[in-house]
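Shown next, in structure tokens, is the structure this report addresses.
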Amino acid sequence: MSTSTKPDASGSANQNTRRSTVNRLSAENVTLAYDQRVIAEQLSVEIPDNSFTVIVGPNACGKSTLLRALSRMLKPSQGRVLLDGQVIQSMPAKKVARTLGLLPQSSIAPDGITVADLVGRGRYPHQGILRQWSAEDERVVQESMAQTGVAELADRYVDELSGGQRQRVWIAMALAQQTPLLLLDEPTTYLDIQHQIDVLDLCAELHETQGRTLVAVLHDLNHAARYATHLVALRGGRVIAEGAPNDIVTAELVEEVFGLRCQIIDDPETGTPLVVPAARKARLTAAS
Amino acid sequence: MLVDSPPEQRAETAPAPPTRRAVRALGLLASVVILVLVALASIAIGAKALSLDQVWHGLFHGTGTYGDVVVDERLSRTVLGLLAGAALGLSGAVLQALTRNPLADPGLLGINAGASAAVVTAITYFGVTSLTGYVWFAFGGAAAVGALVWFLGGSRGATPVRLALAGTAISAALYGYLQAVMIMDDAALGKMRFWTVGSLASATNATIVQVLPFLAVGTVLALALARPLNAVAMGDDTARALGAHLGRTRALAMLAATVLCGAATAACGPIVFVGLMVPHVVRSFTGPDLRWILPYATVLSPVLLLGADVVGRVVARPSELQVGIVTAIIGGPVFIFLVRRRRTAQL
Amino acid sequence: MKTLSRSRAVRTPGGLSLRLDVRALIVVVLLLAAALAAGVALIGTGDAKIPASDVLETLAGNGTAYQDFIVNELRLPRVLVGLLVGASLGLGGALFQAVSRNPLGSPDVLGLSQGSTAGALVVIVLMSGSATQVTVGALIGGLVTGLAIYLLAWKQGVHGYRLVLVGIGVSAIVTAVNGYLLTKADLVDAARAVVWMTGSLNGRDWEQVWPLLWLCAVLVPLVLAGARGLRMMEMGDDVANALGVRVQRVRLVLMVCAVLLTATATAAAGPVSFVALTAPQLARRLTRSPGPNLVPSLCMGATLLVTADWASQRAFGADQLPVGVVTGVLGGGYLLWLLVTERRAGRI
């Protein structure tokens, strides 16, 4: 499961590209659009290897769209997304699925499926018609459930679980895919605060102990600043700032990205930046 | 646009309500004008070509000439088309709001099947052969099935899915019965194959008088429900929070839709698609407010129905194409176009 | 280590492994047994009744010449057509429901049956064609309609919900055309058309068996190979894509197979209603397993159709009431039962 060795086979093939790709996953000058509606133009983003990258931005800034492009759910109308130096769309689907996992927002738990069965479905890219359920599959599924703390729920039906448990099950499914890169689209939405922290702790642990590269879209800027090793701030389809939270999160940046006047103080627990919105009166006087 | 308008359009609707309202009111007025024109066309145009003079004569100085008889028939037919069209469109709009399903049409709730089964029963077992005789059976069948669907769907606790499922189930069983009867009884087949396509051609003043009271009551009831249905459209919990009486609104809406559609079906046979399509089209320019959708649907549905009827009289001269066939052939492609245009396809 | 609850894995030393759902396997075996039993009973039913033991003897080649003629020439083909049509409809229905992600996404709702009907009606009403010509017409009608629905629903991929909607639209148009053709027919043709439209197994012979058999032999393995991708698509297109399923390609291949299966089955027996709608639902309730349940649906379809035909023959006399009437009434009853039980379970 270790990913410490970076592939360099790709380097030579892409010498002539404008940006030489050193990282495994990157978007190069991509234009992203649904039908005719353009979300982002000429956007370039690098996902540093072994980072926990968090993409933040106001609603409709294109953060989920960017994640969809990075995970090949959305084909850029211009530019390209590179995985290990190859254009992601040109790679065999299962090969990508063994390298890059995605936890989308829109996932449906089939009726009457048990936790173990759902997690087991994450093994799909490692299976074939003649290799439907190996001992390895069995082991990885047990391991993924143990890591996410859902092992005791293995025989329960997914529809009976609470929101927090269900999200853990989906993460377990993505883990069972055993990909060095894992993308998560708003994994904490609809969870209460303790489960949000739970899920983020789990992500941090996956990142730290297993060296997986994580990319998440998060709503909460304070969560992002606390957990991310690399932050990408998006507004109107453009990258406003990227870097370590301690380096880039400033009151000016928050105002520029979110249009919110605030103070930045040190998080008393972790020392990461903590965004404290300005009092209502202060904001109103500033506005007038 | 239909259920879930995209954000930019929603933003567009929010500001400047007075002009918006004026535009909608003018639009409604224009629709009425179009309706009048289509109604006139329906009187003037037909399989038998008449000059405008003859039409004028027939309308105002009827003396019983052949031309006058034709005009008289067309007049009944036009009135029935107006009434039935309005009823179908209105009941479709109410049902779509009630089931929160843009695909709901009277067929879905088993009303057509109920009417058809009752008519085939009337022909086979009660020896009824006149169209005026069918009307009561068809209306009774539609009403009975409407009530049955309502109770099986959970009456006051009914949910959209349950209603749709109950309607489909009962339709299935009734169509099985219908086919069995038609296979075993050639006379029933002979009559039913004409009745089930839906036609205005058999309109008589007697039929109109039979169904008129029901249509009037249903129309008033449906129009009065616009406001409560608006609340119901936002979901059960929100509706309750807004103080709407869910159970009562549902019951009354179901009643209105059944009465309207049942009476229209009784008079002209099952005409599909008007009730499904017109509210769809209307919603694309009025937005989701039923206080506008319902009046627009009332005015524009007869435009479609009468327009289709006129087309049906002209294309197959000297015979005619039944209006039920023409509405589906015109309506089907429009419906598919609308489905394709939607950005996010969801219920 | 605890094995996963529902399935047993079978592994060989060479690294091959198969995953078997034990309950589904039992369901399949029982359904097949029921289908064969109903088949034997159906062969024995009719103007000349033959006891089941004699039927089996005759099938084994030890019957009298008279029995041999009745069983092997007259009634066996009918039963085989019933089994194959039921299996095709069950499998096709399961595919459509899985692809459209809608339990009502059956060929009846999507307009395929109506398309086949239009093809058949054109032959019956306008050309007064022979039975074989009707079959060909229905086949063409079904395939053309399937193609039209797919093309009309295509817009950067086919979305399940759009597919159902477009199907409903196409179905309404074609139904109107069918209604028109029926009004244009003389009464004899109309009666013939209504029998065809109900779906019937009367008078089916070996000529219908072979094409169905070949088609199933080709398509069923093809479908089952794509089934694993289909299971993943249950969790949404995004999840399936992330797991490395080529969603659009799998969907296209399976749709084509489903259209071929239902169009052929409909051409052979007419649009027997509700088998495609109910077989997958019933199968799923028996196996209690998620996933498209393709093989159980196939077996359920075969069992349903042959049993319904047998019931119709027993209750109303030989060749009196086409099997489609029985499946229609049963289907409606089943949906009502579903409604009551689901309501009790608080699921809808």
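Quick note: the coordinates plus some simple rules give every number you see, no bench work behind them. Since the model is a prediction, treat every value here as computed from it, not as a measurement. Positions of Cβ are generated from backbone atoms using ideal geometry, with glycine treated the same way; all protein chains shown enter the neighbour counts.
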Give the share of C-alpha pairs in each 5 angstrom bin for the stretch B:174-305, from 0 to the last occupied bin, in whole percents, shortest bins first.
-> 2, 9, 14, 18, 17, 14, 11, 8, 5, 2, 1, 0
Chain A: Rg to Rh, with Rh as the Kirkwood radius over Cα pairs = 0.98
Once you charge only the Cβ atoms, +1 for Lys and Arg and -1 for Asp and Glu, what is the size of the charge dipole of the protein assembly as shown about its Cα centre, to the nearest 20 debye?
-> 700 debye
What fraction of the DSSP beta bridges in the stretch A:9-287 is antiparallel, stated in percent and rounded to the nearest 5?
-> 60 percent
Separation of alpha-carbon centers, the stretch B:86-146 and the stretch C:269-307, rounded to whole Å = 31 Å
Using alpha-carbon positions, the gyration tensor of the stretch C:82-170 gives root eigenvalues a ≥ b ≥ c; with a/c under 1.5 called rounded, otherwise prolate if a/b exceeds b/c, else oblate, the class is oblate
Based on the Kirkwood radius over alpha-carbon pairs, what value in µm²/s does the Stokes-Einstein equation return for the translational diffusion coefficient of the stretch B:175-214 at 10 °C and 1.306 mPa s?
-> 133 µm²/s
Sorted by chain and then number, the residues having a modelled amide H within less than 5 Å of the amide H of A:ILE113, at least 5 places away or on another chain, are A:VAL158, A:ASP159
Could you compute the FRET efficiency for C:ASN72 and C:LEU224, with r as their C-beta to C-beta distance and R0 at 22 Å, rounded to 0.05?
-> 0.10
Once the other residues with Cβ under 13 Å from the Cβ of A:GLU242 are scored (Lys, Arg +1; Asp, Glu -1), what is the net sum?
-> +1
Go through A:HIS195, A:LEU253, A:SER162 and say which Cα lies farthest out towards the positive end of the charge dipole of the stretch A:9-287; charges sit on Cβ, +1 for Lys and Arg, -1 for Asp and Glu.
-> A:LEU253
Summing Lys, Arg as +1 and Asp, Glu as -1, what charge do residues with Cβ under 12 Å from the Cβ of A:ASN59 carry, A:ASN59 excluded?
-> +1
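For B:ASP72 and C:ASP186, what is the calculated FRET efficiency with R₀ set at 35 Å and r taken between the beta-carbons, to the nearest 0.05?
So, using R0 = 35 Å, E works out to roughly 0.65.
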With springs connecting C-alpha atoms under 10 Å apart, model chain B as a Gaussian network and identify which of B:ASP309, B:ASP105, B:ASP186 has the largest mean-square fluctuation.
-> B:ASP186
For the stretch B:271-347, just list the percent of Cα-Cα distances falling in each 5 Å bin from zero outward, please.
-> 3, 16, 22, 21, 18, 11, 5, 3, 1, 0
In a shell of Cβ-Cβ distance under 13 Å around B:LEU82, excluding B:LEU82 itself, what net charge do Lys and Arg (+1) and Asp and Glu (-1) give?
-> +1
Electrostatic dipole magnitude of the stretch C:8-87 [Cβ: Lys, Arg +1; Asp, Glu -1; Cα centre; debye, to 20] | 580 debye
Mind sorting B:SER91, C:SER273, A:SER144, B:SER31 by how few other Cβ atoms lie within 10 Å of their own Cβ, fewest first?
-> B:SER31, A:SER144, C:SER273, B:SER91
Projecting the Cα atoms of B:SER91, B:VAL38, B:ILE208 onto the charge dipole of chain B, where Lys and Arg contribute +1 and Asp and Glu -1 at Cβ, the residue farthest towards the positive end is B:SER91
Choice from C:PRO290, C:PRO107, C:PRO77 showing the highest fluctuation, given a GNM over chain C with Cα pairs closer than 10 Å | C:PRO290
Tell me, what is the Rg over Rh of chain C, with Rh the Kirkwood radius over Cα pairs?
-> 0.99
Magnitude of the Cβ-charge dipole of chain B, K/R +1 and D/E -1, about the Cα centre, nearest 20 debye?
-> 880 debye
What are the extents of the Cα atoms of chain B along their three principal axes, listed from largest to smallest and rounded to whole Å?
-> 62, 49, 35
Set the Förster distance to 41 Å, then compute FRET efficiency between B:VAL36 and B:ARG240 from the Cβ-Cβ distance, nearest 0.05.
-> 0.45
Lys/Arg Cβ at +1, Asp/Glu Cβ at -1, dipole of the stretch A:9-287 taken about the Cα centre: which of A:ALA60, A:ALA278, A:GLN177 is farthest positive-ward?
-> A:ALA60
Hey, what do the phi angles of the stretch A:36-43 turn into as Karplus ³J(HN,Hα) couplings, whole Hz, using 6.51/-1.76/1.60 and θ = phi - 60°, x for Gly and Pro?
-> 9, 7, 7, 9, 8, 10, 6, 9
Listed residues C:ARG19, C:ARG285, C:ARG75; largest mean-square fluctuation, Gaussian network over chain C with Cα springs below 10 Å, found at C:ARG19
Under the definition of partner shielding as Cβ atoms of other protein chains within 10 Å of a residue Cβ, what is the mean value for peptide A:108-119?
-> 6
Considering only the protein assembly as shown, what is the antiparallel percent among its DSSP beta bridges, to the nearest 5?
-> 65 percent
Post the alpha-carbon centroid distance, the stretch C:162-192 to the stretch C:105-159, in whole angstrom.
-> 10 Å
Quick one: which of A:LYS63/A:LYS95; B:LYS191/C:LYS49; C:LYS155/C:LYS184 span more than 32 angstrom between C-alpha atoms?
-> B:LYS191/C:LYS49; C:LYS155/C:LYS184
Which semi-axes, in whole Å and largest first, does the equivalent ellipsoid of the protein assembly as shown have when worked out from the alpha carbon gyration tensor as the square roots of 5 times its eigenvalues?
-> 53, 41, 23
